[in-house]
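Participant: Can you keep this structure in mind? I'll have questions shortly.
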Amino acid sequence: MDMKNSNADSPRRMLPAPPLPANDSRWALFLDVDGTLLDFNDDPRAVEVTAPLLALLHSLHDALGGALALVSGRELDDLDRLFGNPHWAAAGLHGLQLRRADGSFRRITVTPEQQQHMHQAATALAARFEGVQLEDKRIAVALHCRRAPEQFESLRDAAVQMVTQLSGYELQPGNLVIEFKPAGMDKGRAVLELLASAPFNGRLPVYLGDDLTDEHAFASLRQKHGMGVLIGSPRSSTQASFSLRDPAAVKTWLVRALDALS
């Protein structure tokens with residue numbers, strides 16, 4: 001990926017809204033969290049899932065026979081905290097952590113020495129840029145620029161140089177965020193992994209996401225003739241075929257999808 005252009009796509013018109021399922025549709029629904037189900041907050045731990053949204057997701061999970069998964073940059077423990085420990089299938093840390101619908105887990109790890117080296121480097125880098133927030137995900141670290149967007153390009157350039165010195169790690173760019181994470185996994189690969197297991201296998205995959213990190217999933221779903229739905233401002237390079245304006249529009253569409261499935 002060209003890191004120089006990862007946050008600066010040229011504008012384009014909104015894509016069409018996604019269709020609704022028929023009541024006998026066999027869909028598999030994959031949902032990003034921040035920016036898709038939930039509005040962004042400068043402090044990721046300050047967001048809350050409302051009771052109506054949680055009830056809606058439980059109903060969709062049941063209507064889809066369990067074929068609903070959360071796919072997020074958050075850790076699985078953090079997703080469970082947010083959503084009340086539903087033990088649904090989920091991919092955390094962009095797929096580094098994966099829980100299948102049967103409760104089995106798969107995790108990608110690095111050595112303690114690699115993790116410590118990354119933490120030290122990321123902490124030192126964040127300290128160089130006023131307003132940059134460090135989010136510690138243990139095996140990964142995200143540096144957020146939402147409070148200092150003017151710092152993003154300089155931070156990104158410095159991170160590109162730094163990651164070459166971090167064995168086992170790569171950069172994951174996002175919207176005003178740079179993340180140091182173990183190499184070799186992304187949301188697209190995680191979604192394909194879930195699609196190979198019950199109850200997702202044999203279903204039409206539908207993925208909703210807003211960030212550059214979700215483009216991996218949109219691209220993977222194209223291979224499966226699935227539906228990618230971009231949330232928020234359109235970008236010229238997206239692999240999505242449909243769009244919704246914001247998390248409020250996502251909730252409205254999910255309510256309509258549940259009604260259609262019922």
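Participant: Using a Gaussian network model of the chain whose springs link C-alpha atoms within less than 10 Å, name the residue from ALA51, ALA190, ALA248 with the highest mean-square fluctuation.
Facilitator: Ranking ALA51, ALA190, ALA248 by mean-square fluctuation puts ALA51 first.
Participant: Counting only residues 5 or more places away or on other chains, whose amide H sits under 5 Å from the amide H of MET227 once H atoms are built in the peptide plane?
Facilitator: Sorted by chain and number, the residues that satisfy this are VAL206, TYR207.
Participant: What's the extension gain from SER104 to SER233 if we count 0.36 nm per residue and subtract their Cα-Cα distance?
Facilitator: Value of the extension gain: 42.8 nm.
Participant: Moving to a separate point now. Stretch LEU15-VAL160 to full length: gain in nm at 0.36 nm per residue minus the Cα-Cα span?
Facilitator: 49.0 nm
Participant: Helix-only estimate, please: 222 nm mean residue ellipticity of the chain, summing -39500 (n - 2.57) across DSSP H runs of length 4 or more and dividing by its residues, to the nearest 500.
Facilitator: Mean residue ellipticity, 222 nm, calculated: -9500 deg cm²/dmol.
Participant: Using only Cα atoms, find the angle between the long axis of helix 247-261 and the longest principal axis of the chain, and express it within 0 to 90 degrees, rounded to the nearest 10.
Facilitator: For 247-261 against the chain, the angle is about 30 degrees.
Participant: Could you give me the ³J(HN,Hα) list for the stretch 16-22, computed from phi with Karplus coefficients 6.51, -1.76, 1.60 and θ = phi - 60°, whole Hz, x at Gly and Pro?
Facilitator: Residue by residue, the stretch 16-22 yields x, 5, x, x, 9, x, 6 Hz.
Participant: For a footprinting-style exposure proxy, rank THR252, THR238 by other Cβ within 10 Å, fewest first.
Facilitator: THR252, THR238
Participant: May I have the convex hull volume per residue, in Å³, for the Cα set of the stretch 176-224?
Facilitator: It comes to 83 Å³ per residue, whole-number rounded.
Participant: Tell me the relative contact order for the chain as a rounded percent, counting alpha carbon contacts under 8 Å between residues six or more apart.
Facilitator: 26 percent
Participant: Also, quick follow-up: As a footprinting exposure proxy, order SER262, SER241, SER220 by other Cβ within 10 Å, with the fewest listed first.
Facilitator: By the 10 Å Cβ count, ascending, the order reads SER262, SER241, SER220.
Participant: Would you order LEU258, LEU20, LEU37 from fewest to most other beta-carbon atoms within 10 Å of each residue's own beta-carbon?
Facilitator: Going from sparsest to densest Cβ surroundings: LEU20, LEU258, LEU37.
Participant: Go through the stretch 170-187 residue by residue and turn each phi into a ³J(HN,Hα) via Karplus (6.51, -1.76, 1.60, θ = phi - 60°); whole Hz please, and just put x for glycine and proline.
Facilitator: Each residue's phi maps through the Karplus curve to give 9, 9, 10, x, x, 6, 6, 8, 10, 10, 8, 9, x, 6, x, 8, 8, 5 Hz.
Participant: For the chain, what D do you get in µm² per second when you plug the Kirkwood radius from alpha-carbon pairs into Stokes-Einstein at 25 °C and 0.890 mPa s?
Facilitator: Using the Kirkwood radius from Cα pairs, D works out to 131 µm²/s.
Participant: State the extension gain, in nm to one decimal, for the chain segment bounded by ARG81 and THR50, taking 0.36 nm per residue of separation less the distance between their alpha-carbons.
Facilitator: 9.9 nm
Participant: Now for a separate question. If I build a Gaussian network model for the chain, linking alpha-carbon pairs within less than 10 angstrom, which residue out of ILE108, ILE178, ILE139 has the largest mean-square fluctuation?
Facilitator: Looking only at ILE108, ILE178, ILE139, the biggest GNM fluctuation is shown by ILE108.
Participant: Something else about it: Whose amide H sits under 5 Å from the amide H of VAL141, counting only residues 5 or more places off or on another chain, with H placed in the peptide plane?
Facilitator: Placed amide hydrogens put PHE180 under 5 Å from VAL141.
Participant: Looking at the stretch 107-262, what % of its DSSP beta bridges pair antiparallel, to the nearest 5?
Facilitator: Just about 65 percent of them are antiparallel.
Participant: Let me ask something else. How far apart, in nanometres, would the label points at ALA124 and SER197 be if each is projected 7 angstrom from Cα along the Cα-to-Cβ direction?
Facilitator: Between ALA124 and SER197, the label points sit 3.8 nm apart.
Participant: Can you list residues whose amide H is under 5 Å from ASP211's amide H, if they're 5+ apart or on another chain and H is modeled 1.01 Å from N?
Facilitator: none
Throughout, read-outs are computed from the coordinates displayed, never taken from laboratory work. As the structure is a computational prediction, the values presented were derived from the model and not from experiment. Positions of Cβ are backbone-derived with ideal geometry, glycine not excepted, and every protein chain shown enters the neighbour counts.
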